[in-house]
Amino acid sequence: MNNTENLIQTIKERFDYESAKQVLKEKYEAKMLFALDGGMWCANTELITILSMFTDETIVIVDTYGNPCRVNRENLLHDAKERFQEQMNAWLHEYNEVSRQR
């Protein structure tokens, strides 16, 4: 292979890697969604932080679709943390697999 072919191959591999990373991101962001207490929630750092700030048993917050919902704060926080960590661990595992294939 000459230098041009090597460069083309490197660019293709890099593009495939970036494409695979984007697919993984979208896949695991979709898996962060869950329903609870009449709302649809995204288990992300923003939701976990908001729920951690309060101490009341029930609070009213806005769900993913912009609807206000009265929720049991502790139940929602527990489910959000559990889903977040579960999906982040799976995402990291798949990301490491993609990185090794490079």
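Mind listing whichever residues of region 58-102 are closer than 17 Å to Glu29 by Cβ, free of Cβ contacts under 8 Å to residues at least 60 places away in the same chain and among the β-branched types (Val, Ile, Thr)?
Selection gives Thr64 alone.
State which residue pairs qualify: first residue on the phi > 0 side of the Ramachandran plot and without any contact (Cβ under 8 Å) to a residue 60 or more places away in the chain and inside region 29-57, second residue crowded, with 16+ Cβ neighbours inside 10 Å and outside any loop (DSSP other than H, G, I, E, B) in any location, beta carbons under 9 Å apart, and separation of 6 or more residues or different chains.
Hits for this filter: Asp37/Cys69; Asp37/Val71; Asp37/Leu76; Gly38/Cys69; Gly38/Val71.
I'd like the residue in region 40-78 that is assigned to a helix (DSSP H, G or I) and either in contact with a strand residue (DSSP E or B) (Cβ under 6 Å, 6 or more places away or on another chain) or among the aliphatic types (A, V, I, L, M) (or both) and, out of all such residues, is surrounded by the most Cβ atoms within 10 Å (Cβ to Cβ).
Among residues in region 40-78 that are assigned to a helix (DSSP H, G or I) and either in contact with a strand residue (DSSP E or B) (Cβ under 6 Å, 6 or more places away or on another chain) or among the aliphatic types (A, V, I, L, M) (or both), the one surrounded by the most Cβ atoms within 10 Å (Cβ to Cβ) is Leu76.
Does Phe34 satisfy the condition of being assigned to a strand (DSSP E or B) and under 13 Å from the mean Cα position of the chain (by Cα)?
Taking the combined requirement at face value, the residue satisfies it.
All but one of (1) modelled with pLDDT under 75; (2) under 17 Å from Val98 (Cα atoms); (3) polar (S, T, N, Q) hold for Thr4; which doesn't?
So the condition that Thr4 fails would be (2).
Of (1) in contact with a Cys (Cβ under 8 Å, 6 or more places away or on another chain); (2) at pLDDT 95 or above, Asn75 satisfies all except one. Which?
Every condition holds for Asn75 apart from (1).
All but one of (1) charged (D, E, K, R); (2) surrounded by 11 or more Cβ atoms within 10 Å (Cβ to Cβ); (3) modelled with pLDDT under 95 hold for Glu26, so report the exception by its number.
The single condition Glu26 does not satisfy is (2).
The values are calculated or read from the model by the stated rules, or taken from the named source; none is laboratory data. All of these numbers come straight from a predicted model, not from anything done at the bench. In this analysis, Cβ positions are derived from the backbone assuming ideal geometry, glycine residues included, and neighbour counts consider all displayed protein chains.
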